[in-house]
Amino acid sequence: MKKLDRYVSSCFLSSYGVCLLFFVSMFVLIDLFAKTEELIGRADKVAKLGYSVAQTTLEYYGLMAPFIFLQVAPFVTVMAAIFAITRLRRTNEFVPMIAAGRSAFRILMPMFVFALVLGIGMVLVQQFIAPGLADRRERLKELLFSAKTERLITQPFRPSEDVAVNVVDYDCDDHTIKFVDVSYLLSKEPSLTAENLTWDEGKQRFVYRKKGAPQDAPFEVLDVDLSPEIIEAQARGPHDLSYSQAEFVYGKTGQAKYKVLLHYHLTFPLSNVLLLLLGLPFVLRLEKRSLMVGMVIAIVICASYFAFDAVMRNLGEKDALHPVLAAWFGVIFFGSLGVVLIDGVKT
């Protein structure tokens, strides 16, 4: 790495640190502000349970850091690059670099290298860090905003295309379900309701006694492929699922949205580089009066990419498009456009 590369890298990394701190701080402050009333209302109950509200709040938002990073990293990368180029332009350092014989793309090569490294970092965080912290974070969320020490899950699930299950109060600690309602969408089997289900390791199924049955009555088996792993995985957000977990849920349920998610876990980190290809050509215009216009155009184009990508993924999740095409079409189309734009930059 030559001296100019080190200098451009230092400009980019300093801007990246400031932008990352800004985005994370804004995320935390907005979330905390929205939940302040709820947090204050349960502070006494949390204290009675033996927990420090301040310490628990700090730990909760500390555990949110990897989750926030996975959501904002590409935005931070492109904003840091724009600010770094703006700094070089305002101090009249960009033109001398070009006059020294370097193309604009070669000058900015360190930014693209770091963007690629950050994309790899997102992949590692997604696979090894964020999923391991998700359960602890959700438990702290239950403690702070519901004053509950146990983690309960209540939501509908789709173990398969034919079965829809509504689970009420699944306990993540002892793997019990207070109430479940099973509906069959394609077959003519009657719907089923059951209470106080427990997980049977031997049968690998939830078991229960029929309502009104004596305590010594044999257990009935819930003939639905619904396990604690599937419940807990499907209850997580997309950034809380690792690649292996998303693949596991897709293999069990066959739902297209998890196939799309598998590929999205690869395409979203690539957007660190993609956004630079799309946005920087408009900031690299040599006319100073066009700098602000270029910045606005760059931000609009980057936002357009994410909007287009979200629409494509939504179509893939609804089986209107093949999941692989839905996940990769935006990357291929906008990536090709970005290569053309960056190649057309005048130096």
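Details
- Excluding exposed DSSP-loop GluC sites (Glu not before Pro) (at most 16 other C-beta within 10 Å), longest clean stretch of the chain: 1-92
- Whichever aspartates and glutamates have a C-alpha closer than 13 Å to that of K141, once near sequence neighbours (fewer than 8 apart) are set aside: D31, E38, E59, E150
- For the chain, built as a Gaussian network whose Cα springs stay under 10 Å, the top-fluctuating residue of G212, G62, G335: G212
- The charge dipole of the chain, taken about the Cα centre with unit charges on the Cβ atoms of Lys, Arg (+1) and Asp, Glu (-1), comes to about 2020 debye, rounded to the nearest 20.
- Look at (1) 16.1; (2) 22.4; (3) 17.4: the one that is mean projected area of the Cα convex hull in nm² derived from this structure is (2).
- Residues Y170, Y51, Y208 in ascending order of nearby Cβ atoms (within 10 Å, fewest first): Y51, Y208, Y170.
- Residue order, fewest to most beta carbons within 10 Å, for R90, R313: R90, R313
- The stretch 1-76-the stretch 135-181 distance, computed between alpha-carbon centres (Å): 26
- Ordering F23, F333 from the fewest to the most neighbouring beta carbons within 10 Å gives F333, F23.
- Neighbourhood charge, 12 Å Cβ-Cβ cut-off, centred on L108 and excluding it, Lys, Arg +1 and Asp, Glu -1: +1
- Positive minus negative residues near R205 (Lys, Arg vs Asp, Glu; Cβ under 15 Å): -3
- Furthest towards positive pole of dipole, F22, H265, A130, structure part the chain, Cβ charges: F22
- Approximate spin-label separation T198-F306, in nm, with each point projected 7 Å along Cα-to-Cβ: 4.8
- When you restrict to C-alpha pairs under 8 Å that are six or more residues apart and normalise by the size of the stretch 200-346, the relative contact order lands at 22 percent.
- Checking every one of the trypsin sites (Lys or Arg not before Pro) in the stretch 149-231 against DSSP loop status and a limit of 14 other Cβ atoms within 10 Å picks out K188, K203, K210, K211.
- Unit charges on C-beta of K, R, D, E only; dipole of the stretch 184-233, Debye: 260
- For the stretch 250-346: rounded, prolate or oblate by the Cα gyration tensor [a/c cutoff 1.5]: prolate
- In plain terms, the chain from F22 to E220 could stretch by 65.8 nm, reckoned as 0.36 nm per residue minus the Cα-Cα distance.
- Listed residue (A213, T176, L186) projecting farthest to the positive dipole end of the stretch 161-224, Cβ model: A213
- Efficiency of FRET between L116 and D31 - r from beta-carbon atoms, R0 30 angstrom, step 0.05: 0.50
- In order through the stretch 191-203: 3J(HN,Hα) via Karplus (6.51 cos²θ - 1.76 cosθ + 1.60), integer Hz, x for Gly, Pro: 5, 9, 10, 8, 10, 6, 8, 10, 8, 9, 5, x, 7
The numbers here are math on the coordinates, done by the rules we state, and not lab data. Fair warning: this is a prediction, and the values are worked out from it, not measured in the lab. Backbone-built Cβ (ideal geometry, glycine too); neighbour counts: all protein chains shown.
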